[in-house]
Protein chains: 2
Amino acid sequence: MSTETEDRPVLLVEEHARAWSPETARARFREGLTGPTAGVAAGHTQANLISVPADWAYDMLLFCQRNPKPCPVLDVTDAGSWTTVLADGADLRTDLPRYRVWRDGELVDEPTDARAYWRDDLVSFLIGCSFTFEWALGEAGVPIRHVEQGRNVPMYVTGRQCRPAGRLHGPLVVSMRPVPPEHLAAAIRESSLLPAVHGSPVHCGDPSGLGIDDLGRPDFGDAVDAEPDDIPVFWACGVTPQAAVMASRPPFALTHAPGQMFLTDARDEQYRVA
Amino acid sequence: MSTETEDRPVLLVEEHARAWSPETARARFREGLTGPTAGVAAGHTQANLISVPADWAYDMLLFCQRNPKPCPVLDVTDAGSWTTVLADGADLRTDLPRYRVWRDGELVDEPTDARAYWRDDLVSFLIGCSFTFEWALGEAGVPIRHVEQGRNVPMYVTGRQCRPAGRLHGPLVVSMRPVPPEHLAAAIRESSLLPAVHGSPVHCGDPSGLGIDDLGRPDFGDAVDAEPDDIPVFWACGVTPQAAVMASRPPFALTHAPGQMFLTDARDEQYRVA
């Protein structure tokens with residue numbers, strides 16, 4: 001389930017994409033540009049998208065409330081609305097690089113424009129993304145290996161179950177960043193101050209503690225090369241609702257493609273608690 | 001709407017109530033003890049209660065998500081359940097000092113036991129309480145005037161409207177603590193690190209900035225005496241959902257009485273982000 005090869009090199013090698021405004025990024029994606037968004041419109045908050053029929057909205061909102069580390073909710077739209085208070089003039093149906101369409105828990109399409117799948121009863125959840133705390137980590141001097149290597153962040157389905165909510169259940173998904181030991185304290189401190197975008201790590205070190213067998217084979221995104229002393233650090237990941245969709249099989253869901261996020265107008269520092 | 005006079009002296013003058021376990025506090029309240037809970041079972045997290053019919057639960061959860069400073073959700077029960085993961089063996093129908101019962105937005109009763117009003121379709125929301133960050137403020141040396149004076153914290157309905165959600169709308173309610181200028185930085189810093197219990201203040205200084213006319217006449221709780229140099233500091237308050245009930249008139253709601261909270265088993269420091 002890793003990102004298609006053709007997606008990979010598009011954005012991260014485009015150094016100027018860091019300096020884009022969120023409006024420019026959304027416009028480029030609306031025109032059809034695809035690829036992982038790590039580093040794009042640097043300093044602006046990125047968000048995971050999951051849209052479900054209104055009949056499932058309470059279960060999803062409760063699932064998020066009961067699992068705030070993987071699912072910190074930044075905004076919830078009214079049913080049928082494709083606008084959000086987080087981004088002036090944005091269209092949630094077109095402005096992400098790539099979508100995933102789910103029927104009964106099965107991935108059925110990965111379009112770059114979701115208008116053909118839109119429904120009047122869809123409630124959209126925008127969920128905090130770890131790309132936001134990468135800004136804070138970078139400011140604190142922590143190297144971000146997957147960005148250095150021009151790759152999507154690696155994500156893994158863990159053996160830990162989320163707390164269920166109504167009809168929704170599923171495993172915790174994590175993102176992983178190899179962190180040099182001398183930067184570990186800063187990585188933990190800086191992400192802790194951003195609880196709205198996953199907050200502190202859920203695990204550090206041996207991946208078997210999370211039921212992950214092989215860091216070289218992520219379930220989403222790309223494997224990343226670590227330096228010998230690097231410690232793998234795991235943060236709860238906003239792909240968790242997609243894993244809940246796979247496990248719980250609602251009749252319909254629309255999500256972002258892993259790593260290909262929605263660019264909001266919010267500034268990352270707005271979510272810093274102190 | 002201030003707390004009845006007979007409530008006031010019960011607990012705060014009982015110094016030993018600070019040392020109670022949460023279980024002991026809940027048992028005493030179950031037996032009929034009433035009064036403000038500031039300082040009771042010190043170090044344990046207190047929560048606001050609001051229970052609404054399942055038909056209104058999505059609106060309430062969305063209202064909380066859209067207004068996270070006044071309404072940080074710590075737990076949501078399944079419909080009809082009076083238990084919570086936050087307190088082993090607790091009964092939400094009996095274990096608070098005093099309840100408020102609302103019909104069509106009107107306060108109709110203030111019982112000490114809510115079993116006669118319980119409904120099988122009630123969904124209960126436990127919402128973070130500023131009494132939690134009082135612990136952190138106290139640790140940092142910030143004087144807590146209303147505790148020193150044996151009073152309930154003063155609470156005010158402001159002129160600011162919350163972001164509406166479905167059928168729910170209403171004004172922001174705040175609690176106020178007079179803080180000596182030399183302690184203001186600590187008060188802001190310490191509360192900022194507890195975003196799950198209202199986080200940083202919403203306003204400091206002139207109360208007219210929030211549309212509050214007279215600090216001596218709180219809408220809930222007791223007026224508190226300030227020292228001449230004290231700065232009034234205003235935090236978003238978990239009574240806000242009650243103000244939404246008054247404004248939005250759902251057919252039924254059950255809440256705690258202002259200042260008379262639910263004692264959880266959680267430790268305040270669990271909610272500290274760093």
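What number of residues within the range A:201-221 satisfy the criterion of being surrounded by 21 or more Cβ atoms within 10 Å (Cβ to Cβ) and touching a residue at least 60 places away in the same chain (Cβ under 8 Å)?
3
Considering only residues of the range A:76-90 that are within 14 Å of chain B (Cβ to nearest Cβ) and crowded, with 21+ Cβ neighbours inside 10 Å, which is nearest to A:Phe220 (Cα to Cα)? I'd like the intermediate steps shown before the answer.
Initially, the range A:76-90 is screened for residues within 14 Å of chain B (Cβ to nearest Cβ), giving A:76-81, A:84-86.
Filter again for crowded, with 21+ Cβ neighbours inside 10 Å, leaving A:76, A:84.
Values: A:Val76: 25, A:Thr84: 27 Å.
Of everything passing the filter in the range A:76-90, A:Val76 is nearest to A:Phe220 (Cα to Cα).
Within 14 Å of chain B (Cβ to nearest Cβ) and more than 16 Å from A:Gln46 (Cα to Cα) - does that describe any residue in the range A:221-244?
no
What is the one condition in (1) outside the structural domain of A:Leu122 (by TED's automatic domain parsing); (2) surrounded by fewer than 22 Cβ atoms within 10 Å (Cβ to Cβ) that A:His198 does not satisfy?
The single condition A:His198 does not satisfy is (2).
Of all residues in the range A:37-58, how many are of a type in the set (Ser, Thr, Tyr), open to solvent by less than 10 Å² (accessible area, probe 1.4 Å) and within 22 Å of A:Ala79 (Cα to Cα)? It would help to see each step written out before you state the result.
Our first condition is that a residue be of a type in the set (Ser, Thr, Tyr); within the range A:37-58, this holds for A:37, A:45, A:51, A:58.
Narrowing further to those that are open to solvent by less than 10 Å² (accessible area, probe 1.4 Å): A:37, A:45, A:51.
Filter again for within 22 Å of A:Ala79 (Cα to Cα), leaving A:51.
The number of residues fulfilling the criteria is 1.
How many of the residues in the range A:159-173 are away from every other protein chain (no Cβ under 14 Å) and open to solvent by less than 10 Å² (accessible area, probe 1.4 Å)?
Of the range A:159-173, the ones away from every other protein chain (no Cβ under 14 Å) are A:159-161, A:170-173.
Cutting the leftovers down to open to solvent by less than 10 Å² (accessible area, probe 1.4 Å) gives us A:170, A:173.
Number of matching residues: 2.
Of A:Arg119, A:Arg100, A:Arg145, A:Arg93, which residue is without any contact (Cβ under 8 Å) to a residue 60 or more places away in the chain and either under 15 Å from A:Ile50 (Cα atoms) or away from chain B (no Cβ under 14 Å) (or both)? I'd like the intermediate steps shown before the answer.
Details: A:Arg119 fails: without any contact (Cβ under 8 Å) to a residue 60 or more places away in the chain; A:Arg100 fails: without any contact (Cβ under 8 Å) to a residue 60 or more places away in the chain; A:Arg145 fails: without any contact (Cβ under 8 Å) to a residue 60 or more places away in the chain.
Result of the check over A:Arg119, A:Arg100, A:Arg145, A:Arg93: A:Arg93.
Out of A:Ala226, A:Ala253, A:Ala236, which single residue is over 30 Å from A:Asp55 (Cβ atoms) and of a type in the set (A, V, I, L, M)? Spell out how you get there, then give the answer.
Numbers: A:Ala253 fails: over 30 Å from A:Asp55 (Cβ atoms); A:Ala236 fails: over 30 Å from A:Asp55 (Cβ atoms).
From the options A:Ala226, A:Ala253, A:Ala236, the qualifying one is A:Ala226.
Please go through the range A:160-190 and pick out each residue that is farther than 30 Å from A:Ser248 by Cα and of a type in the set (Gly, Ala, Ser). Lay out the reasoning, then the answer.
Going through the range A:160-190, the residues farther than 30 Å from A:Ser248 by Cα turn out to be A:178-190.
If the condition is that a residue be farther than 30 Å from A:Ser248 by Cα and of a type in the set (Gly, Ala, Ser), then A:Ala185, A:Ala186, A:Ala187 are the ones that fit.
Specify which of the listed residues (B:Ala187, B:Ala140) is open to solvent by 20 Å² or more (accessible area, probe 1.4 Å) and either in contact with a helix residue (DSSP H, G or I) (Cβ under 8 Å, 6 or more places away or on another chain) or among the polar types (S, T, N, Q) (or both). Quick ask: steps written out before the conclusion?
On the way: B:Ala187 fails: open to solvent by 20 Å² or more (accessible area, probe 1.4 Å).
Exactly one of B:Ala187, B:Ala140 is open to solvent by 20 Å² or more (accessible area, probe 1.4 Å) and either in contact with a helix residue (DSSP H, G or I) (Cβ under 8 Å, 6 or more places away or on another chain) or among the polar types (S, T, N, Q) (or both), namely B:Ala140.
Return the residue satisfying two criteria in turn: it lies in the range B:174-188 and is touching a residue at least 12 places away in the same chain (Cβ under 8 Å) and part of a helix (DSSP H, G or I), and of such residues it is farthest from the other protein chains (Cβ to nearest Cβ).
Residues of the range B:174-188 touching a residue at least 12 places away in the same chain (Cβ under 8 Å): B:174-181, B:183-184, B:186-188.
So of that shortlist, the ones also part of a helix (DSSP H, G or I) come out as B:181, B:183-184, B:186-188.
Numbers: B:Pro181: 20, B:His183: 16, B:Leu184: 14, B:Ala186: 12, B:Ala187: 12, B:Ile188: 9 Å.
Among those residues, the one meeting the criterion is B:Pro181.
Please go through the range B:67-110 and pick out each residue that is in contact with a Lys or Arg (Cβ under 9 Å, 6 or more places away or on another chain) and under 16 Å from B:Ala25 (Cα atoms).
Scanning the range B:67-110 gives B:Ala87, B:Gly89, B:Ala90, B:Asp91, B:Arg93, B:Thr94, B:Asp95, B:Leu96, B:Pro97, B:Tyr99.
The values are calculated or read from the model by the stated rules, or taken from the named source; none is laboratory data. This is a predicted model, so every value here is computed, not measured. Because the Cβ atoms are built from the backbone with ideal geometry, glycine has one as well, and the counts that use them run over all protein chains shown. The protein model used for the area step is the full one, side chains on, heavy atoms only, and it has no ligands, DNA or RNA in it. Shrake-Rupley method; radii C 1.70, N 1.55, O 1.52, S 1.80 Å.
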